[in-house]
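Presented below is the structure to which this report refers.
The values are calculated or read from the model by the stated rules, or taken from the named source; none is laboratory data. Model, not experiment: these values are computed from the prediction. Because the Cβ atoms are built from the backbone with ideal geometry, glycine has one as well, and the counts that use them run over all protein chains shown.
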Ligand code: GAR
């Protein structure tokens, strides 16, 4: 039993690539139902193509958040989706979209990766902010999304050190390497959870 996912991107697409690699290699039992970018002309679109997939571009520029999300929801409604996977999707999701993916416990079936040990350094430049702050230890967080920015129940965290003499690029590179391993692993845990839930529902019949 696979996990049906839609992946939302905005830019470089290195996490998208890591997820698609893991699916291809059989390390992640997921069906990528859709890939959506809120920006055209970004490298993530080429990443999708490299894997034989076409990302849907739904530009957000010039639209209100609500208007843009109506378009996104309208596109996604035709797919069966267990989880929305945010992979460098630099948008704050509205309750309108989140509620479409609410589970029976009230959590949203939306996962995000963030390059810091949340709750430290939320926002869009977490590596830079942590580095400038002078942290000795930073990390990567994968969490379920709620209505706040880079916030919600934590699924996994992994730390990494800032080594003496690190440049920002070395520091980021160490974090990104963790992101690319951890995200597919956590998604695979959601696959196991889905299988478990399915088995327990069947067992009750
Ligand atoms: C990644 O470092 C991801 O953790 C971060 O954006 C980058 C996207 O890179 N996400 C956030 O900062 C979310 N607040 P990618 O497009 O190469 O995956």
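Report yes if residue 89 is closer than 13 Å to residue 4 by Cα and under 16 Å from the mean Cα position of the chain (by Cα), otherwise no.
Spelling it out, it is not the case that residue 89 is closer than 13 Å to residue 4 by Cα and under 16 Å from the mean Cα position of the chain (by Cα).
Just one of 85, 57, 61, 32 is touching a residue at least 12 places away in the same chain (Cβ under 8 Å) and either more than 16 Å from the ligand (Cβ to nearest atom) or in contact with a helix residue (DSSP H, G or I) (Cβ under 6 Å, 6 or more places away or on another chain) (or both); which is it?
61
Okay, residues lined up against (1) over 18 Å from residue 16 (Cα atoms); (2) touching a helix residue (DSSP H, G or I) at 6+ places or on another chain (Cβ under 8 Å); (3) free of Cβ contacts under 8 Å to residues at least 12 places away in the same chain:
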site: 115; (1), (2), (3): no, yes, no
site: 128; (1), (2), (3): yes, yes, no
site: 133; (1), (2), (3): yes, no, no
site: 151; (1), (2), (3): yes, no, no
site: 164; (1), (2), (3): yes, no, yes
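Would it be correct to say that residue 37 is away from the ligand (no atom under 11 Å from the Cβ), touching a residue at least 12 places away in the same chain (Cβ under 8 Å) and either over 17 Å from residue 79 (Cα atoms) or crowded, with 21+ Cβ neighbours inside 10 Å (or both)?
Judged against the criteria, residue 37 is not a match.
For residues that are within 12 Å of the ligand (Cβ to nearest atom) and touching a strand residue (DSSP E or B) at 6+ places or on another chain (Cβ under 6 Å), scanning just segment 1-14, find the one that is farthest from residue 75 (Cα to Cα).
Applying the filter and picking the extreme gives 9.
Among the helices (runs of 4 or more DSSP H) confined wholly to segment 95-205, which include 3 or more residues that are modelled with pLDDT of 95 or more and crowded, with 17+ Cβ neighbours inside 10 Å?
126-133, 168-204
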